[in-house]
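Since every read-out is calculated from the coordinates, none of them should be taken as a lab result. On a predicted model such as this, the values are computed, not experimentally measured, just so you know. Backbone-built Cβ (ideal geometry, glycine too); neighbour counts: all protein chains shown.
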């Protein structure tokens with residue numbers, strides 16, 4: 001009886017894992033072929049839960065032409081470079097071309113109205129991290145949220161960590 005129960009549980013777990021893998025493979029295909037938003041969201045959730053954050057990068061790049069994926073690419077890049085630890089200030093430790101590329105990605109995301117990209121750029125321009133310090137530009141990005149007042153910076157810990 002125990003062997004039968006064990007075998008039944010094993011088969012159910014194996015089938016469940018196999019089915020989930022098939023769903024992920026299908027989502028990958030749908031993002032790359034059709035830029036399907038629901039599939040992309042499924043992938044971001046899957047890779048975040050599995051701590052395979054780096055695997056989202058090609059799909060994030062693919063989705064950028066649809067106005068999403070910028071922050072995920074930026075976040076994953078910094079995690080890869082700094083042992084799975086995200087810290088917005090790590091942009092200061094990158095080579096200049098890498099930092100410039102990430103700023104470019106964040107600016108593209110900000111133009112596509114990605115709130116996370118805008119929040120990071122506000123911090124970068126306020127503090128001069130990876131860019132020339134420019135309080136007016138930081139305030140301008142802040143006002144693009146529709147807020148009329150001057151930006152009051154939160155604690156740096158509150159920079160999005162998705």
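Send over the Kirkwood Rh of the range 45-99, from the inverse of the averaged 1/r over different Cα pairs, rounded to one decimal Å. Kindly include the intermediate steps, with their values, before the conclusion.
Details: mean 1/r = 0.0858 Å⁻¹.
It is 11.7 Å.
Stretch residue 135-residue 61 to full length: gain in nm at 0.36 nm per residue minus the Cα-Cα span? Please report the intermediate quantities before stating the final value.
On the way: separation 74, 0.36 × 74 = 26.64 nm, distance 2.95 nm.
Residue separation times 0.36 nm, minus the Cα-Cα distance, leaves 23.7 nm.
For residue 34 and residue 100, compute 0.36 nm times the residue count separating them, minus their Cα-Cα distance, and round to one decimal in nm.
20.8 nm
In nanometres, what is the gap between the two model label sites at residue 45 and residue 80, each 7 Å from Cα along Cα-to-Cβ?
With each label point 7 Å from Cα toward Cβ, the separation is 2.5 nm.
Could you give the distance between the Cα centres of the range 75-99 and the range 21-53, to the whole Å?
So the separation of the two Cα centres works out to 24 Å.
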